[in-house]
């Protein structure tokens, strides 16, 4: 078994949805294949999300885990320019923040079986 | 079993799939959820301008569309379309029922969520670093407490055909009919927790039947243009099957249900509503195929002692204006236009407030997340500004429009709009300060 790895966008192995409450954005991330959940859980930490978007997320990032459903929930504080009623952004709800997270790179084994995705 | 449908998940949700659901869904209850923090504040504003308004503007169209079928099938309607004027919504509903020949239709009104008079300058805003109402420095438009099932249940007990509320917690609109049907105790926390999950899954309408989900080639949804609203088949223990009309577009799968399970949820083990502290973390989701997904196993703990209140403030105005550049060197021309606007709005207009300029097509939605590093031959300069004084916004729109003649080459497609703005914050008040009431109108 080779230990070599390659990186892929999270979008290939997970789906996500963003929601908002006030200035807090919440993003749930779900593995398409339960077999990919452990490596997503290991690599997609709260501190990684916070570090990836320092200008966007001005507060803390908290992660909750739903292991039996193979999903992670990220709560991003102070991440919506004050919230939907004060933001000047085009996407004032942060509906598209889910695709920021899905654009992050995940390291996977090079010999990972093909075809694991939403298809 | 209780068969519930959701015919709207937000104020501007689609009409005709709701009529289809009313006609073909064999529903016991049809729920319309239409209030958001923004629409609540706009309800107050509308009511101030005209005492006969302030309810959901689509209430008339929705009820005209579904009332005949609901009467025919014995389907009860539960809705928060009363928004900031439940009384006027009730009167309109009665008038529509008479117009449709549905004499005798009973409409129960749930009131008491408006707590504007209980909010003072010293009221603390829990989502604003503990600042007070006075420190926001803007006029309060209105304040509403999130009512729960204890306010809705008496309305259902009257036997009314239509129950109209103002601000209630969204899942409570669904939980109340479940509790009413199965006679659950209002302190049966585990069951209320499971029922709240069902309500939470249903409250956003098509967000569980394929809406806000499709990602072509990865997460495809059949016939999204004809997406159907959801149906919940709820058992006496609160376990439910989420499904849709067989001939409607969309899909109900484990994936659509999972995404909605945590939508706008923070800690899945502590989802606070006026009814219960729901625990979604133990929920089981089982795909029975054929657009039927089972949801069970959620639980709950005692409800919070306080009620959440949304306080709306007059936020002045939001202005948005744009002009586009396309073809060779479009990005450079758009950047030049943005520089001109920054310079002129600061130097000539003296505007020092909050303004944002985006380059749509290069990096707009994610501009605060990562730097603009792409190129495009089709770029729109978008300017957004908030101000208390409307004339400052008008100046901005004028400056953007003037780029057509005074700006970079080939600029076109100017559009500008000014919309009233509200600011919302949250407060907590003791339950005792809120006194919900029910009255019944008959057509």
For the list (1) more than 13 Å from the chain's Cα centre (by Cα); (2) modelled with pLDDT of 95 or more; (3) more than 8 Å from chain B (Cβ to nearest Cβ), I need the number of the one condition that residue A:3 fails.
(2)
Six or more apart or on different chains, Cβ under 9 Å: which pairs go from a residue in the range B:336-360 that's away from chain A (no Cβ under 13 Å) to one that's surrounded by fewer than 13 Cβ atoms within 10 Å (Cβ to Cβ) and in a helix (DSSP H, G or I)? Could you list them?
B:340/B:406; B:352/B:346
Regarding residue B:101, is this residue assigned to a loop (DSSP other than H, G, I, E, B), under 28 Å from residue B:14 (Cα atoms), without any contact (Cβ under 8 Å) to a residue 60 or more places away in the chain and assigned by TED's automatic domain parsing to the domain that holds residue B:39?
yes
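So that you can scan it fast, the table gives a plain yes or no per residue for (1) closer than 23 Å to residue B:39 by Cα; (2) surrounded by fewer than 19 Cβ atoms within 10 Å (Cβ to Cβ):
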position: B:51; (1), (2): yes, yes
position: B:54; (1), (2): yes, no
position: B:70; (1), (2): no, no
position: B:74; (1), (2): no, yes
position: B:115; (1), (2): yes, no
Given the criteria more than 10 Å from every other protein chain (Cβ to nearest Cβ), more than 25 Å from the chain's Cα centre (by Cα) and in a strand (DSSP E or B), does residue B:324 qualify?
yes
Among (1) touching a helix residue (DSSP H, G or I) at 6+ places or on another chain (Cβ under 7 Å); (2) loosely packed, with under 15 Cβ neighbours inside 10 Å; (3) within 22 Å of residue A:22 (Cβ to Cβ), where does residue B:378 come up short?
(3)
Going through (1) on the phi < 0 side of the Ramachandran plot; (2) modelled with pLDDT of 95 or more; (3) touching a strand residue (DSSP E or B) at 6+ places or on another chain (Cβ under 9 Å) one by one, residue B:64 fails only at (3)
Test set (1) away from chain A (no Cβ under 14 Å); (2) free of Cβ contacts under 8 Å to residues at least 60 places away in the same chain; (3) surrounded by fewer than 18 Cβ atoms within 10 Å (Cβ to Cβ) - residue B:395 fails condition number:
(3)
If a residue must be under 26 Å from residue A:78 (Cα atoms), more than 9 Å from chain A (Cβ to nearest Cβ) and at pLDDT 90 or above, how many such residues does the range B:362-376 contain?
1
Output the number of residues of the range B:208-229 satisfying the condition of being within 24 Å of the chain's Cα centre (by Cα), on the phi < 0 side of the Ramachandran plot and not in a helix (DSSP H, G or I).
9
Here are some residues: B:83, B:78, B:66. Which one is in the same structural domain as residue B:152 (by TED's automatic domain parsing), in a helix (DSSP H, G or I) and either surrounded by fewer than 17 Cβ atoms within 10 Å (Cβ to Cβ) or touching a helix residue (DSSP H, G or I) at 6+ places or on another chain (Cβ under 6 Å) (or both)?
B:66
Need pairs with beta-carbon distance below 7 Å; first residue within 11 Å of chain A (Cβ to nearest Cβ) and surrounded by 16 or more Cβ atoms within 10 Å (Cβ to Cβ) and within the range B:210-223, second assigned to a loop (DSSP other than H, G, I, E, B) and modelled with pLDDT under 95; sequence gap 6+ or separate chains.
B:219/A:118
Where residue B:158 falls short, out of the listed (1) out of contact with any helix residue (DSSP H, G or I) (no Cβ under 9 Å at 6 or more places or on another chain); (2) surrounded by fewer than 17 Cβ atoms within 10 Å (Cβ to Cβ); (3) at pLDDT below 95:
(3)
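For every residue, the table says whether it meets (1) closer than 20 Å to residue B:417 by Cα; (2) buried (at least 21 other Cβ atoms within 10 Å of the Cβ); (3) modelled with pLDDT under 95.
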residue: B:312; (1), (2), (3): no, yes, yes
residue: B:323; (1), (2), (3): yes, yes, no
residue: B:329; (1), (2), (3): no, no, no
residue: B:339; (1), (2), (3): no, no, no
residue: B:343; (1), (2), (3): no, no, yes
residue: B:347; (1), (2), (3): no, no, yes
residue: B:351; (1), (2), (3): yes, no, yes
Is it the case that some residue within the range B:158-170 is under 24 Å from residue B:90 (Cα atoms), in a helix (DSSP H, G or I) and in contact (Cβ under 8 Å) with a residue 60 or more places away in the chain?
yes
Return the only residue of B:347, B:386, B:301 being closer than 30 Å to residue B:118 by Cα and either in the same structural domain as residue B:48 (by TED's automatic domain parsing) or over 33 Å from the mean Cα position of the chain (by Cα) (or both).
B:301
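The values are calculated or read from the model by the stated rules, or taken from the named source; none is laboratory data. On a predicted model such as this, the values are computed, not experimentally measured, just so you know. Cβ: placed from backbone, ideal geometry, glycine included. Neighbour counts: every protein chain shown.
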